[in-house]
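I'd like to ask you about the structure that follows.
The values are calculated or read from the model by the stated rules, or taken from the named source; none is laboratory data. Here the structure is a predicted model, which is why all the values come from computation and not from measurement. Every residue, glycine among them, receives a Cβ derived from its backbone with ideal geometry; neighbour counts consider all protein chains shown.
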Amino acid sequence: MKISKYIILSGCFLAVIAGCNDNLDIEPLSSVTPEKYLWTEEQLAAYTINYYTSSSYEAGSSSTGGMLDSYGEGDPTKSSYFLDTYTDNSVGKSLDNRYLPGFLRVGDSGGYWTFSNIYKLNYFLETVLPRFKAGEITGNQDNVKHYIGEGFFLRAHEYFFRLRKLGDFPIIKKVLPDDQSVLTEASKRSPRNEVARFILSDLDEAIGLLSNSPVGGKARITKNAALLLKARVALFEATWLKYHAGTSQVPNGPGWPGAEKDYNRGYQYPSGSLENEVDFFLTEAIDASKQVADAFTLTPNNKIIREKSGDAVNPYYDMFAGKDPSSYSEVIMYRLYNSGLKIKHGYNQGVFYGYSKGYTNQFEKAFLMENGLPYYDSDSEYAGDDYVGDTKKKRDWRWRLFMKAPGEVKVIENATAIIKYPDPPEVDKSDYTKSTSTGYLLGKGASYDYNMSVSDETAFVTFRAAEAYLIYMEAYYLKYNSLDDKAKKYWRDLRNRAGVDPDFQKTIDATIMTKEAELDWGAYSHGQIVDATLYNIRRERRCELIGEGFRYDDLIRWRALDQLNGFQLEGCKIWGPMKSLYGDRLVTDQTDPSKNNVSSPSLSEYIRPFQRTTDNNNYYNGLFFCNAHYLSPIAVKHFLLTTSDGKTISTSPIYQNPGWSTTVGEGANLDK
């Protein structure tokens, strides 16, 4: 097998440009050659948009996960909106093997060690940059610059995905020849902070080239999107280095496998130390995020939950549930439904019936009351959780808007009659599509238009300004251990929009961290409970980004999973007063466990999705985590293809991630 097939270079030129917009005036693909392509503004535009989102996009997948967040075609579970369903925010009826040490194993081939899109973007940049500098690309030169900027942005986005999954990674900036010695040399892994610096440099290039008003508007990448991505990357790396310090997960940490290779032995941080490196990335996050946050106002929340066609639209809700969010002040970029761009999807069809998913009881408890107090405070006015709808009373409007309770209106428009969500929630049903795992139904992005449940055309908001507010708050506090006036303003703006008392100090003073740590994984870093101010900044982020797929990345960068040792996720309180609504539908404690449809009341008043039965159930005893699972293993074939003899793995320049072996089928080493 040729090494290039598995590492960097395979594929003919036609594969590179396949999928370009058929409406553009270009020659048929069969007659296009490298010498005749990428000479015009239109050809550059067609090339880069092909790497926005694939028609086979799947959030988190090794092949397409590095593309822009969007919906997966047809299957709603491929959407980034469902990435949170493997965290303490929401769950389905199954879990990822990351929570079962020993069940996630080293693969024979495949995995996240792939360079397909990186190669194609390198080809683009290597081809067009000299042509642009020589003035040889025709068309509007501002637009040409913009599309080159998109190339840098997309390569940065792809690299950021690999960084999150694998950490240390080869930095490859050009197309390489199909030569084993060259490709083997290129397989050397750069320390993760160097990868992050490379991503920031690509984004700086993009920022210098991109427009904020491109052809296509907010449906295309913009300078502000690049600034926000830069802030996101910088915060991720700063916090990863900070909270994983003293472990094998950071360069020069004890047991860091990079030190075993000559090319990384004696590595020195560019800034002089790990602490300086953290400070560098925090500074970058602060600078980039404030540029975005200061340029955008938040979309208002009019505090209306629609119940009939005459009710006013709530802009904050509809920003996520409409066909075209371009007019909303907060939106920086979105992915518009367009069959020509191959991003049709079935998200609304999924959440219309529940799709066996739901928010957790742990997440419900994270939301503050309108008066700014946590649910357990004696003055909170918390109405309890005997019924799902009770949890919304006098609550943060993000919970009220984006969690669907029994009896609430499901669709209003293009329906012969108003359709409501089932009461009680269908936690006992076995139908995968027409049930919920927890009773707290997912609602962000759910349209009130019945037609969207049949042929979904809602847009996906890829970047929005609220994230910049949150990044600034967190990065500034971590750097200075205090909040400046700008951070305070951003925090008050977010709380005002959420309908929560803007006095965040009131919340901090009322926060009991031991109570929060019982339910919220994000109350921890490296097994230690964080301070109340930092926790409430994390809480704000968790609640604001409800259902948008950020939670797992936040948990790993905070190192907030160390303490998981048999943790049980729960849903609504089915064994309280709500039990009477089910009649005899709830079946449990059967001699034949496979006949159970819910968990036993002897375990908890709250439904436990993973304790319905012990049969074929690896999660019955809860969720566990180990250090190695913070990163994914590299498949064995990649080592073998870069060895001197095709079999002696120690001669490969690639090193395995901490806690993983180079033996196919082995799980993580729990001692590392």
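Six or more apart or on different chains, Cβ atoms under 9 Å: show the pairs whose first residue is in segment 193-221 and farther than 18 Å from Leu44 by Cα and whose second is assigned to a helix (DSSP H, G or I) and of a type in the set (Val, Ile, Thr).
Close Cβ pairs (under 9 Å, with a partner that is assigned to a helix (DSSP H, G or I) and of a type in the set (Val, Ile, Thr)) amount to Ala196/Val233; Ile199/Val233; Leu200/Val233; Leu203/Val233.
Continuing with the same structure: When you check Asp311 against the structure, is it surrounded by fewer than 22 Cβ atoms within 10 Å (Cβ to Cβ), of a type in the set (D, E, K, R) and farther than 30 Å from Trp399 by Cβ, yes or no?
no
If you check Ser63, Ser70, which single one turns out to be among the hydroxyl-bearing types (Ser, Thr, Tyr), surrounded by 22 or more Cβ atoms within 10 Å (Cβ to Cβ) and part of a loop (DSSP other than H, G, I, E, B)?
Ser70
Can you name the residue in segment 407-429 that is aliphatic (A, V, I, L, M) and touching a residue at least 40 places away in the same chain (Cβ under 8 Å) and is also surrounded by the most Cβ atoms within 10 Å (Cβ to Cβ) among such residues?
Val427
Return the only residue of Ile199, Ile207 being assigned to a helix (DSSP H, G or I), at pLDDT 95 or above and more than 20 Å from the chain's Cα centre (by Cα).
Ile207
Please determine, by comparing only the residues of segment 438-461 that are surrounded by 20 or more Cβ atoms within 10 Å (Cβ to Cβ) and of a type in the set (Ser, Thr, Tyr), which one is nearest to Arg541 (Cα to Cα).
Looking at residues that are surrounded by 20 or more Cβ atoms within 10 Å (Cβ to Cβ) and of a type in the set (Ser, Thr, Tyr), I get Tyr440.
Do you know which of the residues in segment 73-125 that are surrounded by fewer than 24 Cβ atoms within 10 Å (Cβ to Cβ), among the charged types (D, E, K, R) and in contact with a Lys or Arg (Cβ under 9 Å, 6 or more places away or on another chain) is modelled with the highest pLDDT?
Out of the qualifying residues, it is Asp108.
State whether the residues of segment 430-437 include one that is surrounded by 15 or more Cβ atoms within 10 Å (Cβ to Cβ), touching a residue at least 40 places away in the same chain (Cβ under 8 Å), among the polar types (S, T, N, Q) and under 27 Å from Asn301 (Cα atoms).
Within segment 430-437 (the criterion being surrounded by 15 or more Cβ atoms within 10 Å (Cβ to Cβ), touching a residue at least 40 places away in the same chain (Cβ under 8 Å), among the polar types (S, T, N, Q) and under 27 Å from Asn301 (Cα atoms)), the answer is no, since none of the residues qualifies.
For Arg398, only one of the following conditions fails: (1) of a type outside the set (A, V, I, L, M, F, W, C); (2) at pLDDT below 95; (3) closer than 25 Å to Ser329 by Cα. What is its number?
Every listed condition holds for Arg398 apart from (2).
Going by the structure shown, is Tyr630 in contact with a His (Cβ under 9 Å, 6 or more places away or on another chain) and among the aromatic types (Phe, Trp, Tyr)?
Criteria met by Tyr630.
With of a type outside the set (Asp, Glu), at pLDDT 95 or above and farther than 27 Å from Lys420 by Cβ as the only criterion, which of Tyr387, Tyr382, Tyr376 stands out?
Tyr376
Looking only at segment 114-135, decide whether some residue is on the phi > 0 side of the Ramachandran plot and either touching a residue at least 24 places away in the same chain (Cβ under 8 Å) or in contact with an Asp or Glu (Cβ under 8 Å, 6 or more places away or on another chain) (or both).
no
If Asn314 satisfies all but one of (1) out of contact with any helix residue (DSSP H, G or I) (no Cβ under 6 Å at 6 or more places or on another chain); (2) closer than 30 Å to Arg192 by Cβ, what's the number of the condition it fails?
Looking at each condition in turn, Asn314 falls short on (2).
Report, by residue number, each residue of segment 445-457 that is farther than 25 Å from Ala226 by Cβ and outside any helix (DSSP H, G or I).
Selection gives Ala446, Ser447, Tyr448, Asp449, Val454, Ser455, Asp456, Glu457.
If you don't mind, there's one more thing I want to ask. Can you tell me which residues in segment 547-591 are without any contact (Cβ under 8 Å) to a residue 12 or more places away in the chain, of a type in the set (Ser, Thr, Tyr) and not in a helix (DSSP H, G or I)?
Hit for segment 547-591 is Thr591, nothing else.
Considering only segment 131-149, state which residues are in a loop (DSSP other than H, G, I, E, B) and surrounded by 15 or more Cβ atoms within 10 Å (Cβ to Cβ).
Ile137, Gly139, listed by residue number.
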